[in-house]
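These notes are about the structure you will find just below.
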Amino acid sequence: MSAITDPPPKSFRLSMLVNDTRYRSYTFQFIALVLLIMLVSYLGANLVQNLADQGQNISYGFLGEPAGYDINQRPIPYENQDTHMRAAFVGVLNTLIVAFLGCLTATIIGVFAGVARLSQNWIVRKLMAIYVEAFRNVPVLIWILIIYTVMTAAMPAPNAFRGDTPAASMVLDAVAFTNRGVYVPAPIWGEGSMIVVLVFLASIAGAIYYRRYATKLLYDTGRLLPMGWPSLAILFVPTLLIFFILGQPISLDYPVLKGFNFGGGLHIRGSLIALWFALAVYTGAFIAENVRAGIQAVSHGQTEAAASLGLRPSRIMNLVVLPQALRVIIPPVISQYLNLTKNSSLAIAVGYMDVTGTLGGITLNQTGRAIETILLLMLFYLAISLAISGVMNAYNNAIKLKER
Amino acid sequence: MKKTVFFGALTAAGLAAGMASAATLDDVKAKGFLQCGVTTGLVGFAAPDANGEWTGFDVGVCRAVAAAIFGDPTAVKFTPTTGKTRFTALASGEVDMLARNTTWTFSRDVDLKFEFNGVNYYDGQGFMIPKNLGVTSAKELDGATVCIQTGTTTELNLADFFRKNNISYEPVPIETNAEGNQQYLAGACDAYTTDASGLASTRATFENPQDHVILPEIISKEPLGPLVRHGDHEWGDVVRWTLNALIAAEELGVTSANVDELAKGTNNPEVNRLLGTEGNLGEMLGLSGDWAVNAIKAGGNYGELFETHIGENTPIGLARGLNAQWTDGGLLYSPPFR
């Protein structure tokens, strides 16, 4: 009889760090880490030293000083005596506005074009192929400039609306298309307008509740309630009733020619339109390809099975194909949203005052604090990108295949 | 990883700044040419001609400096810079000097660490507007859309002017003068504002210059001049005294036509000192004795440069005004060469 005993643990020798596969990878990673830290600290020290040689330092004091310049598109009150910080904040909001509008429009265009690329209709299919290839293969900056230039050159100046026989006239007397942008009526929020808004929000909740109820009823009892017109009725009838009962508290402020420009109304500037539209059609082309790939990833058997159950083509798309395709579509679309947001920094090409234009443009120029402003800009874009991908990842988790 | 990229960018900026220190004159001599920052194109001041040769009033200053150093006005390379990139280009050492309609201000001189080497054009900010709008004064511009080059002092002056007069405007920021032209001519802005000299130069390039007026208000002081990095005083002296030599030459009647004649010696000791036949001023600067002769021969004295590029007989048609010699009631006044 012999007892099996464990071999005595081998004592650790230094050579094992390189020769033993258990430790080798750690060794090299550690060396790489040390080298990286040395490089970073060398570069950092070099920067501080060079700045000191030039008699400069890193300081964010300029953010509290008056900016001194004006910004045309101001989502929040701002005037030229406000601080650089506030100017930067106006820029941040402008970036978010164009990024939000762009992502929304790009998604709509992309889904539409992606589905249409798989259409049975030859013309539709080829047209969408041309759209996708034309837009994603030309740099987005070029598209921004093309749209802006065409707009300034092709649209009439506000001057053309003047006189007894004007060369241009407003659409429906409410909307003016000029080479400085589009002027649309703006709502005036009168007394009691909040009630109307609240009723409308309640109606939205009501409509959603009705649709849920109808679905549940369908699943439980098989009874199919009409969906379309009752939802619309719930949405608009109470709101319109309240609106007229309260004596029309919300009115419209129409743009009118005043001095050099149109006054009143809402001015959607040409720079915003050009940037928004260019980013949307450019990113939309990429999203279309993602959508097409997602739909094609759903096995054809699924479609055939659904068809053999008697589902109509639109229901097959909405109930069978798209829910499964979304799992493939969402992750690449997240990165398209990030691209769009970052591409919005091309705004300065058309004079749209986003954060790169205010903080990274005029403030940088007037204060000469290049490193500080660029650091802030990097921080902002990093934060906004992480936020977008955070939200979209949460959505992706909600719709992905639940594995139990 | 993100951190690495971050510091990488920082360092690139830092390294570039570090290389830009001290002894620019030696560096320039060693590489054999002068790197001069100019505008991206402002006819009369700095713009490439039909042959691609840079020419203009600011370019003339660069050529004079190159001639003073090398005796050769063509030993200069030009870097076009926008209002936004000019200071980074100079601070990073990409260019040795900047001769680019740049306004001398306190914060640029003190805070941005540059050194202005005098004034080659006394300017002020004005407005240009199409004649058919019937505007006669800048104070009537309430509500107007104004095109403006971003990253310039004009942006701040404009804000101040409208604030002071309690009228409103809509700024349309643009990047370069060419873009401004296009927007203005398309009617995307009612008025275009920049230095009055710049307006005159821009108007000269229009198809129908007479359809546009420059409003009488000059809303700011814009002393434009060449500048170099702060801290290298020997190099700053070379640029400063080359400019002064051009100004003094006009005052003393030295022109590109007679400079060779006068360099043989005259009975005016100041001319002799300037042209190096007496004393050793050139040596003190670290240059050859005939530095000023070469600088004047490059494009003529200050008055000749002015008349050739922007004077009343050119399409730009600027009068001397403030830019006349002090003896003629202007502001040009070179310290003595002694």
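The values are calculated or read from the model by the stated rules, or taken from the named source; none is laboratory data. What you are looking at is a predicted structure, and each value in this text was computed from that prediction instead of being measured. All Cβ positions, glycine included, derive from the backbone under ideal geometry; neighbour counts span all protein chains shown.
Any residue at all in the range A:380-400 that is β-branched (Val, Ile, Thr), part of a helix (DSSP H, G or I) and within 13 Å of chain B (Cβ to nearest Cβ)?
No, there is no match, as no residue in the range A:380-400 is β-branched (Val, Ile, Thr), part of a helix (DSSP H, G or I) and within 13 Å of chain B (Cβ to nearest Cβ).
Okay, residues lined up against (1) touching a residue at least 60 places away in the same chain (Cβ under 8 Å); (2) more than 9 Å from chain A (Cβ to nearest Cβ); (3) crowded, with 21+ Cβ neighbours inside 10 Å:
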position: B:TYR122; (1), (2), (3): yes, yes, no
position: B:ALA138; (1), (2), (3): yes, yes, yes
position: B:ALA144; (1), (2), (3): no, no, yes
position: B:THR152; (1), (2), (3): yes, no, yes
position: B:GLU155; (1), (2), (3): no, no, yes
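Report, by residue number, each residue of the range B:283-337 that is touching a helix residue (DSSP H, G or I) at 6+ places or on another chain (Cβ under 6 Å) and β-branched (Val, Ile, Thr).
If the condition is that a residue be touching a helix residue (DSSP H, G or I) at 6+ places or on another chain (Cβ under 6 Å) and β-branched (Val, Ile, Thr), then B:VAL293, B:ILE296, B:ILE310, B:ILE316 are the ones that fit.
Is one or more of the residues making up the range A:30-45 over 27 Å from A:VAL98 (Cα atoms), in contact with a Lys or Arg (Cβ under 8 Å, 6 or more places away or on another chain) and facing chain B (nearest Cβ under 9 Å)?
yes
Within the range A:251-264, identify whether any single residue is farther than 25 Å from A:PHE161 by Cα and either touching a residue at least 12 places away in the same chain (Cβ under 8 Å) or part of a helix (DSSP H, G or I) (or both), and answer yes or no.
No, every residue in the range A:251-264 fails to be farther than 25 Å from A:PHE161 by Cα and either touching a residue at least 12 places away in the same chain (Cβ under 8 Å) or part of a helix (DSSP H, G or I) (or both).
Does A:GLN81 qualify as being in a loop (DSSP other than H, G, I, E, B), under 26 Å from A:ILE362 (Cα atoms) and touching a Leu at 6+ places or on another chain (Cβ under 9 Å)?
It is false that A:GLN81 is in a loop (DSSP other than H, G, I, E, B), under 26 Å from A:ILE362 (Cα atoms) and touching a Leu at 6+ places or on another chain (Cβ under 9 Å).
Specify which of the listed residues (A:ASP53, A:ASP70) is crowded, with 18+ Cβ neighbours inside 10 Å, of a type outside the set (Val, Ile, Thr) and either within 12 Å of another protein chain (Cβ to nearest Cβ) or under 30 Å from B:VAL146 (Cα atoms) (or both).
A:ASP70
Being modelled with pLDDT under 90 and either surrounded by fewer than 24 Cβ atoms within 10 Å (Cβ to Cβ) or not assigned by TED's automatic domain parsing to the domain that holds B:ALA91 (or both) is the filter here; which residues of the range B:25-42 pass it?
Across the range B:25-42, the qualifying residues are B:THR40, B:GLY41.
Take B:PHE337 and decide whether it is buried (at least 19 other Cβ atoms within 10 Å of the Cβ), not assigned by TED's automatic domain parsing to the domain that holds B:ARG86 and not charged (D, E, K, R).
Taking the combined requirement at face value, the residue satisfies it.
I need the full set of residues from the range A:170-213 which are over 24 Å from A:ILE242 (Cβ atoms) and touching a Ser or Thr at 6+ places or on another chain (Cβ under 9 Å), in order please.
A:ALA176, A:ASN179, A:ARG180, A:GLY181
B:ALA188: over 26 Å from A:ARG162 (Cα atoms) and either buried (at least 21 other Cβ atoms within 10 Å of the Cβ) or among the hydrophobic types (A, V, I, L, M, F, W, C) (or both), yes or no?
no
Residue-by-condition table, conditions (1) crowded, with 22+ Cβ neighbours inside 10 Å; (2) assigned to a loop (DSSP other than H, G, I, E, B); (3) not polar (S, T, N, Q):
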| position | (1), (2), (3) |
| --- | --- |
| B:TRP235 | yes, no, yes |
| B:THR266 | no, yes, no |
| B:GLY289 | no, yes, yes |
| B:VAL293 | yes, no, yes |
| B:GLU307 | no, no, yes |
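Of everything in the range B:123-151 that's under 19 Å from the mean Cα position of the chain (by Cα) and of a type in the set (Gly, Ala, Ser), which residue is nearest to A:ASN365 (Cα to Cα)?
Result: B:GLY151.
Can you tell me which residues in the range A:366-397 are among the small types (Gly, Ala, Ser) and touching a Phe, Trp or Tyr at 6+ places or on another chain (Cβ under 7 Å)?
Matches in the range A:366-397: A:GLY368 only.
Report, by residue number, each residue of the range B:73-106 that is charged (D, E, K, R), touching a residue at least 60 places away in the same chain (Cβ under 8 Å) and touching a Phe, Trp or Tyr at 6+ places or on another chain (Cβ under 9 Å).
B:ASP96, B:ARG100
Restricting attention to strands (runs of 3 or more DSSP E) lying wholly within the range B:54-161, give those where 2 or more residues are of a type outside the set (A, V, I, L, M, F, W, C).
Correct list: B:76-81, B:121-123, B:125-130, B:144-149.
Does A:PHE62 satisfy the condition of being touching an Asp or Glu at 6+ places or on another chain (Cβ under 9 Å), among the aromatic types (Phe, Trp, Tyr) and not in a loop (DSSP other than H, G, I, E, B)?
yes
State yes or no: is A:VAL328 among the aliphatic types (A, V, I, L, M), surrounded by 18 or more Cβ atoms within 10 Å (Cβ to Cβ) and more than 29 Å from A:ILE71 (Cβ to Cβ)?
no
Answer yes or no as to whether B:ALA16 is surrounded by fewer than 17 Cβ atoms within 10 Å (Cβ to Cβ), assigned to a helix (DSSP H, G or I), at pLDDT below 95 and within 14 Å of chain A (Cβ to nearest Cβ).
Yes.
Select from the range A:278-323 the residues that are charged (D, E, K, R) and surrounded by 15 or more Cβ atoms within 10 Å (Cβ to Cβ) and write down the one among them that is farthest from A:ALA347 (Cα to Cα).
In this case the residue turns out to be A:ARG292.
Taking the residues in the range B:165-186 that are in contact (Cβ under 8 Å) with a residue 12 or more places away in the chain and within 9 Å of chain A (Cβ to nearest Cβ) as candidates, determine which candidate is nearest to the chain's Cα centre (by Cα).
B:GLU175
Of all residues in the range B:65-97, count the ones that are within 14 Å of chain A (Cβ to nearest Cβ) and at negative phi.
13
One line per residue, one yes/no per condition, for (1) on the phi > 0 side of the Ramachandran plot; (2) touching a residue at least 24 places away in the same chain (Cβ under 8 Å); (3) surrounded by fewer than 19 Cβ atoms within 10 Å (Cβ to Cβ); (4) not in a loop (DSSP other than H, G, I, E, B):
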position: B:GLU250; (1), (2), (3), (4): no, yes, no, yes
position: B:LEU274; (1), (2), (3), (4): no, yes, no, yes
position: B:ALA298; (1), (2), (3), (4): no, yes, no, yes
position: B:GLU312; (1), (2), (3), (4): no, no, yes, no
position: B:ILE316; (1), (2), (3), (4): no, yes, no, no
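Would you confirm, using the coordinates I've provided, whether A:GLU289 is in contact with a Pro (Cβ under 9 Å, 6 or more places away or on another chain) and either free of Cβ contacts under 8 Å to residues at least 24 places away in the same chain or of a type in the set (D, E, K, R) (or both)?
yes
When you check A:ILE76 against the structure, is it within 14 Å of another protein chain (Cβ to nearest Cβ), over 18 Å from the mean Cα position of the chain (by Cα) and farther than 30 Å from A:LEU326 by Cβ, yes or no?
no
Starting from the range A:351-368, take each residue that is facing chain B (nearest Cβ under 10 Å) and list its partners that are basic (Lys, Arg), counting only C-beta distances under 6 angstrom and pairs at least six apart or across chains.
Partner pairs satisfying both residue conditions: A:ASN365/B:LYS84.
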